[in-house]
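Enquirer: My structure is below; once you've seen it, I'll send some questions.
The values are calculated or read from the model by the stated rules, or taken from the named source; none is laboratory data. Remember, predicted model here, so these are calculated numbers, not experimental data. A quick note on method: Cβ atoms are made from the backbone with ideal geometry, for glycine too, and the neighbour counts reach across all protein chains shown. Surface accessibility is based on the protein's heavy atoms, side chains included, excluding ligands, DNA and RNA. Shrake-Rupley method; radii C 1.70, N 1.55, O 1.52, S 1.80 Å.
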Amino acid sequence: MRRTLAVFALVLGVLWPGAAHAAAQPAVRVTAHAEGPARVVLIGVPGLLWSDLTPQGTPNLWALAGRSATGSLSVRTVGRVTCPYDGWLTVSAGIRSAVGYGCGLPPEPAPEGQGAVIPGYDYLYRVAGQRGTGTLGDAVHAAGGCTLAVGPGAAVALADRSGRVDRYAASPERLAPGAFDTCRVAAVDVDDLIRPYVTGGRLPEAEDILTPEQRAQALRLADAKTGAALNALPQDAVVLLAGLGDHGGTPHLRVAMMRAQDASGRFLGAPSTHREDVSIVPDITATMLGITGVAVPPSVIGVPWRVAASRTGGVEGAKTELVDDDGAGQAIRDMGGIFFTSVAVLQVLFYVVAFLLMRRRRGLGGVRVAAVTLACLPVSTYLVNLLAWEHTGAPLAAVVGGIVVITLLLAVTALAGPWRRSPLGPLVLVTGVTAAVIAGDLVTGTNLQFNSVMGYTAVVGARYSGLGNIPFALFATSVLLVVTSIAHRLVSVGRKNAAVGIVATLGGVAMILGGFPGIGSDFGGVIAFVPGIAVTALLIAGRRVSIVKLGAFCVAGGVIVMTIAYLDHLRPPGSQTHLGRFVGQIFTGEAFEVVSRKLGAMLGTLLNPNLMPIVIAAFAFLVYALLRPDAASAGVLPAAFEYSPTLRAGLIGTLASGVVGTLVNDSGAAVLSMALALAVPLALSVGVRALGESARSYAEAGQEPASSSLVSRSS
């Protein structure tokens with residue numbers, strides 16, 4: 001059903017963007033706290049998967065799911081996997097957090113009166129740098145409330161900055177009757193499922209060290225403790241259940257439930273992800289505070305959970321869909337390394353073979369076919385998501401097969417249609433389709449980038465909606481090459497000023513689309529897009545581009561995106577995107593950590609064996625081909641630039657955008673490598689066809705060009 005809506009919304013988005021966005025999200029939204037402050041109890045079951053739930057094996061959890069809104073929880077905090085300690089700590093801080101050493105269970109609190117104190121709690125903000133520690137507990141205390149924690153993880157989540165919780169019990173069985181009536185904010189740590197995985201105080205790197213029988217036994221214990229907690233709760237309590245953490249070395253989507261009025265039978269998501277069935281751990285913090293009527297501190301990046309569209313098929317239907325969602329994310333994550341290695345090999349092999357064939361002045365027709373086919377590959381990774389491949393028995397094979405078929409179909413269309421007669425024809429078709437697909441995806445909720453090998457997944461948890469870094473590279477490159485192709489026609493009839501205006505206008509619209517909150521929401525992309533547009537426009541106008549001007553364009557991009565982010569920050573917290581929340585982090589002093597983490601990620605990509613070969617090979621080929629055109633490319637690139645000087649401007653603008661994008665995005669080299677992977681092969685395809693036309697022109701004039709043996713083969 002959701003895939004059908006995504007297809008409908010994508011088509012509608014091209015014709016009527018506003019209506020398409022509504023069609024993509026037909027959710028009925030309610031809040032758990034519509035009638036004022038209430039009680040809230042968080043039950044954390046680290047390691048819990050939707051595939052674990054069955055009517056026989058986990059009757060209490062299954063019954064709770066039947067009375068709750070259900071969704072997937074992306075538990076990503078700081079590292080690749082999330083241990084229970086980090087999950088509970090993130091609930092405490094309302095921002096992704098990590099203890100900073102090891103990966104295991106939370107510490108046992110020391111009883112103190114009716115409550116308890118966590119030993120060495122000040123380590124978290126004094127040494128580990130987790131300044132948000134205790135945010136949830138402090139907010140509750142500031143509002144005059146108290147906290148009740150059951151189990152070590154719950155104590156970590158609800159402790160104030162001193163490490164203290166007001167009421168504490170080691171397990172639900174040790175609670176006095178009516179204990180949950182004393183405090184409006186409570187949490188229960190059900191660690192029976194995760195505890196058998198912990199060896200030597202640490203979680204294993206392996207996927208699953210327990211046998212199916214051992215895991216089933218642990219599930220029965222966790223289900224029983226959950227049932228005991230549910231039986232002790234007052235009837236008016238809103239219940240949140242979350243699988244707070246991974247159980248091994250592989251990240252997964254975990255269980256999220258909310259039992260509240262009007263929530264049963266619906267999906268559970270959050271505005272933070274712009275997904276109707278996916279939320280993040282910091283959302284739990286905001287949800288607990290919102291339900292109890294406590295003001296959410298500005299440092300909390302989460303937003304309250306949102307009950308969305310009705311699900312079909314009851315609990316079993318919801319489970320099937322949510323299990324498939326996790327499977328789709330796993331399939332994409334598993335194929336990521338192999339896919340990008342294959343792309344790198346194909347790109348490098350293409351340049352080597354093309355170089356040898358060009359030097360021998362033969363086989364240029366094959367070079368053109370290979371170039372166009374390679375350029376069709378990126379957009380195929382998004383179009384394949386129009387197919388329900390994740391619901392097949394072999395999702396990995398289905399998605400790979402779909403990508404191959406769509407790539408070949410697009411290549412045939414680009415090379416066989418009537419536009420093939422123009423040297424720019426295949427380039428315009430491929431880049432036009434790429435730009436249109438990504439733009440349409442942006443205005444319809446990014447269902448094509450989500451769970452895409454060149455997009456992002458909730459399993460990895462780096463991004464959940466909007467314009468991803470690799471899609472940005474492809475979008476910016478496609479837009480620049482399309483607008484320079486339009487400019488080519490205008491320049492050829494003497495309308496240079498109109499050509500410059502087209503580049504600036506269409507490029508600017510695309511840039512705003514990519515950076516607009518709730519649509520593209522891309523921070524670094526705006527900074528990188530501005531230099532690309534400006535450099536392209538200046539070169540078409542015949543102006544000189546200097547380092548000083550390039551730096552000024554980057555500053556302009558930064559000013560634009562910070563303006564957008566500040567305006568987003570002025571909106572209500574529940575409506576803000578990560579752009580607005582970043583401005584809030586600047587005010588609270590947490591932005592430096594975010595920037596440092598992204599800088600580290602960017603620098604790490606510079607040594608990526610899958611990305612850098614593409615950059616090195618493409619750059620080496622470009623430089624050599626331009627410096628030694630006859631020896632390196634037999635004049636193919638010079639022929640392309642002679643045929644269309646605006647193409648040269650677009651390629652240089654793409655390089656400028658790609659280089660800046662590499663420096664300001666955490667994906668780093670992925671931005672430049674994907675920009676080059678699309679732009680350079682297409683530029684070569686234009687040159688091959690331009691040489692063929694040049695040969696025919698010479699033949700019609702009764703002359704023979706210097707490279708007659710070459711052009712006869714290229715035509």
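Enquirer: Cα to Cα, under 20 Å, and not fewer than 8 places away if on the same chain: which aspartates and glutamates meet these conditions relative to residue 319?
Expert: Output for residue 319: 52, 223, 246, 262, 276, 277, 390.
Enquirer: In cubic angstrom, how much convex hull volume per residue do the alpha carbon atoms of the stretch 217-318 span?
Expert: Details: hull volume 13.8 nm³, N = 102.
Enclosed volume per residue, from the Cα hull, is 135 Å³.
Enquirer: If you wrap a convex hull around the Cα atoms of the stretch 302-428, how much volume per residue is inside, in Å³? Could you put the intermediate results ahead of the total?
Expert: On the way: hull volume 22.2 nm³, N = 127.
Per-residue hull volume (Cα only) is 175 Å³.
Enquirer: Still on this structure: Can you compute the FRET efficiency between residue 620 and residue 320 using 1/(1 + (r/R0)^6), with r the Cβ-Cβ distance and R0 = 60 Å? Round to the nearest 0.05.
Expert: 0.75
Enquirer: Now for a different question. Starting from the Cα-Cα distance between residue 356 and residue 110, subtract it from 0.36 nm times their residue separation and give me the gain in nm to one decimal.
Expert: 81.3 nm
Enquirer: Where a ≥ b ≥ c are the square roots of the eigenvalues of the C-alpha gyration tensor, would you call the stretch 94-161 rounded, which needs a/c under 1.5, or, failing that, prolate if a/b is larger than b/c, or oblate?
Expert: Taking the square roots of the gyration eigenvalues as a ≥ b ≥ c, the stretch 94-161 is oblate.
Enquirer: If you stretched the chain out fully between residue 394 and residue 261, how much longer would it get, using 0.36 nm times the residue separation minus the C-alpha to C-alpha distance? Let's see the in-between values first.
Expert: On the way: separation 133, 0.36 × 133 = 47.88 nm, distance 3.85 nm.
Taking 0.36 nm per residue and subtracting the Cα distance, the gain is 44.0 nm.
Enquirer: Continuing with this model, one more query. Once the Cβ-Cβ distance between residue 126 and residue 555 is put in as r, and R0 is 45 Å, what FRET efficiency do you end up with, to the nearest 0.05?
Expert: 0.75
Enquirer: Ok, one more. Mind checking the full-extension length gain between residue 142 and residue 405? Use 0.36 nm per residue of separation minus the Cα-Cα distance, one decimal, nm.
Expert: Working: separation 263, 0.36 × 263 = 94.68 nm, distance 5.94 nm.
Gain in length upon complete extension: 88.7 nm.
Enquirer: Follow-up. At 7 Å along the Cα-to-beta-carbon direction for both residue 54 and residue 206, put a label point, then send me their distance in nm to one decimal.
Expert: In this crude label model, residue 54 to residue 206 measures out at 2.2 nm.
Enquirer: Just the number, please: percent antiparallel of the DSSP beta bridges in the chain, rounded to the nearest 5.
Expert: 50
Enquirer: Moving on. Can you give the percent of C-alpha pairs in the stretch 315-370 whose distance is more than 16 Å?
Expert: Every Cα pair in the stretch 315-370 considered, those over 16 Å come to 62 percent.
Enquirer: Report the calculated FRET efficiency for residue 599 and residue 543 (r = Cβ-Cβ distance, R0 = 45 Å), to the nearest 0.05.
Expert: The computed FRET efficiency comes out at 0.85.
Enquirer: Please list, by residue number, everything in the stretch 209-224 whose backbone N is under 20 Å from a paramagnetic label point 7 Å out along Cα→Cβ of residue 174.
Expert: Hits in the stretch 209-224 for residue 174 at 20 Å: 221-224.
Enquirer: Another question, then. Counting only protein heavy atoms and a 1.4 Å probe, tell me what percentage of the chain's accessible area is made up of carbon and sulfur.
Expert: So the carbon and sulfur contribution to the accessible surface is 63 percent.
Enquirer: Now, a different point. Rolling a 1.4 angstrom probe over the protein heavy atoms, how many square angstrom per residue are accessible across the stretch 361-414?
Expert: Per-residue accessible area for the stretch 361-414 comes out at 38 Å².
Enquirer: Turning to a different aspect of this structure: Considering only 550, 199, 453, whose Cα is most displaced toward the positive end of the charge dipole of the chain, charges sitting on Cβ of Lys, Arg (+1) and Asp, Glu (-1)?
Expert: Farthest towards the positive end: 550.
Enquirer: Local charge sum around residue 210 (other residues, Cβ-Cβ under 14 Å, Lys/Arg +1, Asp/Glu -1)?
Expert: Neighbour charge sum, excluding residue 210 itself: -3.
Enquirer: Right, next: At what distance in angstrom do the alpha carbon centres of the stretch 143-179 and the stretch 475-532 lie from each other?
Expert: Comparing the Cα centres of the stretch 143-179 and the stretch 475-532, I get a distance of 55 Å.
Enquirer: Turning to a different aspect of this structure: In the stretch 123-208, if every C-alpha pair distance is counted and binned at 10 Å from zero, what percent goes to each bin?
Expert: P(r) over the stretch 123-208, rounded to whole percents: 17, 38, 32, 12, 1.
Enquirer: With unit charges on the beta carbon (Lys/Arg positive, Asp/Glu negative), name the residue among 151, 417, 115 whose Cα is farthest towards the positive pole of the charge dipole of the chain.
Expert: Positive-end residue among those listed: 417.
Enquirer: Just how large is the dipole of the stretch 202-243 about the Cα centre, in debye to the nearest 20, putting +1 at every Lys and Arg Cβ and -1 at every Asp and Glu Cβ?
Expert: Approximately 160 debye in magnitude.
Enquirer: Sticking with the crude label model, points 7 Å out along Cα→Cβ, report the distance from residue 182 to residue 334 in nm, one decimal please.
Expert: Going from the residue 182 label point to the residue 334 one covers 4.9 nm.
Enquirer: Quantify how much of the Cα-Cα distance distribution of the stretch 209-275 extends past 19 Å, in percent. Could you put the intermediate results ahead of the total?
Expert: On the way: 1111 of 2211 pairs.
Result for the distance tail: 50 percent.
Enquirer: What number results when the radius of gyration of the stretch 159-222, computed over Cα atoms, is divided by 2.2 N^0.38 Å?
Expert: Here the answer is 1.48, to two decimals.
Enquirer: Charges only on Cβ, +1 for Lys and Arg, -1 for Asp and Glu: so what's the dipole of the chain about the Cα centre, in debye to the nearest 20?
Expert: Once rounded to the nearest 20, the dipole reads 2520 debye.
Enquirer: Here is a follow-up. Over the Cα atoms of the chain, what is the Rg over Rh ratio if Rh follows Kirkwood?
Expert: Ratio of gyration radius to Kirkwood radius for the chain: 1.04.
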